[in-house]
Amino acid sequence: MDDVLATARRVAEGDVKVLITGESGVGKDLIARYIHAHSARRAEPFVAVNCAALTETLLESELFGHTKGSFTGAYRDKVGKLELANHGTIFLDEVGDMSMRMQVLLLRFLENGEIQAVGSDRAPAHVDARVIAATNRNLAELVASGAFREDLLYRIQVGHIQVPPLRRRPEDIRPLIEHTLSTSGRDVRFSDAAMAALEAYRWPGNVRELQNIIEQIAWMVGVDVVEVSHLPAPVRSVAINEATAVRERRRQVADDLFAGLVSGNLSFWDQIHQLFLDRDITRHDIRELLRRGLATTCGNYHALIRLFGIPASDYKRFLNFIAAHDCGVDARPFRRTAPTRELPGPPGPLKAAERRPGVVRQA
């Protein structure tokens with residue numbers, strides 16, 4: 001984090017465009033505000049826009065403004081966020097979720113600073129706003145798949161800051177806990193065992209999850225000294241898990257990943273996939289995760305990706321991933337629990353050793 005802040009101070013000295021990347025909950029917006037606060041524009045507005053929270057039409061209106069009557073619901077003229085950020089900083093959060101059309105409009109603004117309100121027939125206005133963008137997605141992969149413009153990536157990534165996840169900076173956990181407790185106004189402390197469990201937890205939701213859990217404990221436990229038994233189940237299981245064998249630890253990791261995917265707190269591509277590429281989890285963990293999913297869906301891979309919150313359009317990409325990294329799991333043993341018919345699994349011929357006389361493989 002010292003390196004991250006040092007880089008932020010360097011880019012704050014000029015007006016270069018900055019791209020901040022990192023997992024959800026690491027504090028990318030705080031880094032953007034830090035850059036603005038240390039720049040020559042600190043006295044001017046800092047305007048934030050969440051690109052993932054708005055549809056294409058609403059995002060265009062939010063950024064560029066609109067004139068009265070330009071579309072249904074436009075009852076008055078509206079000044080866009082880019083114009084509001086004139087001489088200041090515009091922070092585009094989740095820029096990787098922009099549609100291709102919005103990417104073109106943003107690219108034009110980045111090239112010449114021109115904006116034109118939706119429905120306006122006046123000449124474009126010029127705005128001097130520094131652009132800081134952030135995303136938890138891999139823009140290089142989106143460029144390769146055609147979902148993000150390569151020229152736009154070059155424009156917004158003049159300065160690049162990668163914010164590490166909390167699990168990679170465990171020395172920050174205790175100070176963050178102490179800071180969150182001090183802001184809560186509650187006079188509680190953690191036992192050594194409870195603090196050790198908090199420091200051993202992987203924090204898939206990063207700093208945002210830590211703040212939520214500490215505030216929950218501070219207000220709900222009702223004791224002065226928090227013990228391991230008072231911690232939420234996912235954190236408490238870490239303390240229990242430390243005393244078990246390696247196999248049991250891996251099984252618990254798979255349980256945590258499965259619970260996070262099913263609840264929607266984790267994204268397969270943005271977090272599980274990245275954990276695997278970073279070698280924070282192993283092939284064994286992925287296989288255990290798939291076994292839990294297949295047991296739930298009776299061996300149906302199509303239903304498994306729905307269970308994991310993966311778009312149906314990514315079905316082939318998902319199969320290619322588990323095949324390329326040898327993480328695949330045979331779905332047939334899980335189909336025995338299916339009530340009426342055999343459900344389809346991943347395509348591909350069976351190995352000779354897997355064929356059994358008298359069994360006809362369904363397509």
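The values are calculated or read from the model by the stated rules, or taken from the named source; none is laboratory data. Only a predicted model underlies this, so the values are computations on that prediction, with no experimental measurement involved. Here Cβ is always computed from backbone atoms with ideal geometry, including for glycine, and neighbour counts include all displayed protein chains.
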> Can you name the helices (runs of 4 or more DSSP H) wholly within the stretch 184-289 that have at least 3 residues being at pLDDT 90 or above and of a type in the set (S, T, N, Q)?
Replying inline: 206-220
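Ala85 - would you say it is out of contact with any Gly (no Cβ under 9 Å at 6 or more places or on another chain), buried (at least 19 other Cβ atoms within 10 Å of the Cβ), under 30 Å from Glu227 (Cα atoms) and not acidic (Asp, Glu)? Working first, answer last.
Numbers: out of contact with any Gly (no Cβ under 9 Å at 6 or more places or on another chain): yes; buried (at least 19 other Cβ atoms within 10 Å of the Cβ): yes; under 30 Å from Glu227 (Cα atoms): no; not acidic (Asp, Glu): yes.
Considered against the rule, which asks whether it is out of contact with any Gly (no Cβ under 9 Å at 6 or more places or on another chain), buried (at least 19 other Cβ atoms within 10 Å of the Cβ), under 30 Å from Glu227 (Cα atoms) and not acidic (Asp, Glu), Ala85 comes out as no.
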>> If I ask for residues that are in contact with a Gly (Cβ under 7 Å, 6 or more places away or on another chain), within 30 Å of Glu199 (Cα to Cα) and crowded, with 16+ Cβ neighbours inside 10 Å, which ones from the stretch 141-164 would you list?
In response: Val163
> So Tyr75 clears everything in (1) within 23 Å of Asn112 (Cβ to Cβ); (2) hydroxyl-bearing (Ser, Thr, Tyr); (3) in a loop (DSSP other than H, G, I, E, B); (4) free of Cβ contacts under 8 Å to residues at least 60 places away in the same chain except one condition, right? Which one?
Replying inline: (1)
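Can you confirm whether Arg101 is farther than 30 Å from Asn212 by Cα and not in a helix (DSSP H, G or I)?
Details: farther than 30 Å from Asn212 by Cα: yes; not in a helix (DSSP H, G or I): no.
The answer is no for Arg101.
Report whether or not Gly25 is part of a loop (DSSP other than H, G, I, E, B), modelled with pLDDT under 95 and more than 27 Å from Ser145 (Cβ to Cβ). Lay out the reasoning, then the answer.
Working: part of a loop (DSSP other than H, G, I, E, B): yes; modelled with pLDDT under 95: yes; more than 27 Å from Ser145 (Cβ to Cβ): no.
Criteria not met by Gly25.
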> Consider Phe91 against the criteria (1) part of a strand (DSSP E or B); (2) in contact with a Leu (Cβ under 7 Å, 6 or more places away or on another chain): it satisfies all of them except one. Which criterion is unmet?
Replying inline: (2)
>> Can you confirm whether Glu111 is over 30 Å from Glu199 (Cα atoms), part of a helix (DSSP H, G or I) and touching a residue at least 24 places away in the same chain (Cβ under 8 Å)?
In response: yes
> Does Arg42 satisfy being in a loop (DSSP other than H, G, I, E, B), in the same structural domain as Arg149 (by TED's automatic domain parsing) and surrounded by fewer than 18 Cβ atoms within 10 Å (Cβ to Cβ)?
Replying inline: yes
> For the stretch 65-82, how many residues meet the condition of being buried (at least 16 other Cβ atoms within 10 Å of the Cβ) and not small (Gly, Ala, Ser)?
Replying inline: 5
> If Phe148 satisfies every condition in (1) in contact (Cβ under 8 Å) with a residue 24 or more places away in the chain; (2) outside the structural domain of Glu111 (by TED's automatic domain parsing) but one, which is the exception?
Replying inline: (2)
>> Looking at Leu59, Leu82, Leu63, can you tell me which residue is in contact with a Cys (Cβ under 7 Å, 6 or more places away or on another chain) and outside any loop (DSSP other than H, G, I, E, B)?
In response: Leu59
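Residue-wise test of (1) over 24 Å from Asn138 (Cβ atoms); (2) touching a Ser or Thr at 6+ places or on another chain (Cβ under 8 Å).
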position: Lys28; (1), (2): no, yes
position: Ala53; (1), (2): no, no
position: Gly69; (1), (2): yes, no
position: Asp77; (1), (2): yes, yes
position: Leu84; (1), (2): yes, no
position: Leu92; (1), (2): no, no
position: Gly96; (1), (2): no, yes
> Which condition breaks for Leu19 when tested against (1) among the hydrophobic types (A, V, I, L, M, F, W, C); (2) in contact with a helix residue (DSSP H, G or I) (Cβ under 8 Å, 6 or more places away or on another chain); (3) under 25 Å from Gly119 (Cβ atoms)?
Replying inline: (3)
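Starting from residues that are over 14 Å from the mean Cα position of the chain (by Cα) and buried (at least 19 other Cβ atoms within 10 Å of the Cβ), keep the ones in the stretch 18-35 and report whichever is farthest from Pro170 (Cα to Cα). Full working, then the answer.
Step one: of the stretch 18-35, the residues over 14 Å from the mean Cα position of the chain (by Cα) are 18-19, 30-35.
Those still in the list that are buried (at least 19 other Cβ atoms within 10 Å of the Cβ) too: 18-19, 31-32, 35.
On the way: Val18: 26, Leu19: 25, Ile31: 19, Ala32: 23, Ile35: 24 Å.
Applying the filter and picking the extreme gives Val18.
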